[in-house]
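The values are calculated or read from the model by the stated rules, or taken from the named source; none is laboratory data. Everything numeric here is computed off the predicted structure, so don't read it as measured data. Heads up, the Cβs are rebuilt from the backbone with ideal geometry, glycines too, and the neighbour counts pull from every protein chain shown.
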Ligand code: ACO
């Protein structure tokens, strides 16, 4: 999967990014997305996530790596709590008023949430490797955003918290599956239903962080990871990520067949390359 066929073709403008509290810098094969609202602890709105989806739909074809981080000393305080006030936030609709006053049906709200989830789903694309660089708090939607990435590199002050149940909500931004995949259902229940903070060292022990480094070493550690990832063949990396993503849902025989099928494609590509030399 690369670009969506029926989505926007132009990337979000600087104004759209700013209204969505995002920064985007694309340099060759690396796109860096920064949540940029430090005065509200990088809290995010619905517009943040629809714009994230827009970024995913319009990334240049040669982008292989996406790094997501937060401006300043925090990853993200999750959803902007103003989204739950009747008036919403920054001119954006409230999450609750439509249901409260009967102007939105449940189906419409589900469609709205599906649109928000698009901002998280594309981060699993096999042709990309996505990295969350987490400093400080990653709360609620912030934790789910980090969970949507392939790799999590944490500063040693990072704290992950699935706050939603404490607020009367469920985590609905595609975070429950990766959480369970990584820590198992029992630990996931404990983490979510206590809404406690999981520190960086525990996160690493649980598999929620691939790497934990001192805070001032975070940018360098992410750059090292990016360089290592870029050193592999892109097509092989894409095929391998696709294989790994289906492994948990496959039987051994199904996975062996998938490996064969993918390898035939790789061997054919290598043969074409050899013939062209
Ligand atoms: N939405 C809107 N504003 C926020 C949010 C948020 N999620 N989080 C922080 N802010 C604002 C505060 O209101 C405060 O604004 P003010 O300066 O105008 O008073 C400012 O950011 C600083 O917040 P502090 O709480 O003082 O920052 P601190 O560094 O001490 O704490 C922390 C950071 C732990 C993240 C804390 O702000 C917090 O718990 N925020 C709420 C987290 C939350 O419940 N998120 C929703 C989870 S559910 C979901 O995401 C779906």
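Quick check on segment 66-85: of everything there that is near the ligand (Cβ under 6 Å from one of its atoms) and buried (at least 24 other Cβ atoms within 10 Å of the Cβ), which residue is farthest from the chain's Cα centre (by Cα)? Applying the filter and picking the extreme gives 80. If a residue must be away from the ligand (no atom under 15 Å from the Cβ) and not in a strand (DSSP E or B), how many such residues does segment 21-34 contain? The total comes to 2. When the criteria are applied in full, residue 205 fails the requirement of being in a helix (DSSP H, G or I) and crowded, with 18+ Cβ neighbours inside 10 Å. Criterion applied to 81, 22 was being over 29 Å from residue 216 (Cβ atoms) and modelled with pLDDT of 95 or more, and the one residue passing it is 81.
In segment 35-54, is there at least one residue being more than 19 Å from residue 169 (Cβ to Cβ), without any contact (Cβ under 8 Å) to a residue 60 or more places away in the chain, assigned to a loop (DSSP other than H, G, I, E, B) and away from the ligand (no atom under 16 Å from the Cβ)? Looking for residues that are more than 19 Å from residue 169 (Cβ to Cβ), without any contact (Cβ under 8 Å) to a residue 60 or more places away in the chain, assigned to a loop (DSSP other than H, G, I, E, B) and away from the ligand (no atom under 16 Å from the Cβ), one finds none in segment 35-54, hence no.
Selection of segment 136-167 for residues being part of a loop (DSSP other than H, G, I, E, B) and either closer than 19 Å to residue 188 by Cβ or away from the ligand (no atom under 12 Å from the Cβ) (or both) yields 140, 149, 150, 156, 158, 162, 163. With respect to (1) within 16 Å of the ligand (Cβ to nearest atom); (2) buried (at least 22 other Cβ atoms within 10 Å of the Cβ), the lone exception for residue 171 is condition (2). With respect to the stated conditions, residue 187 fails to be within 16 Å of the ligand (Cβ to nearest atom), surrounded by fewer than 22 Cβ atoms within 10 Å (Cβ to Cβ) and either more than 13 Å from the chain's Cα centre (by Cα) or within 22 Å of residue 36 (Cα to Cα) (or both).
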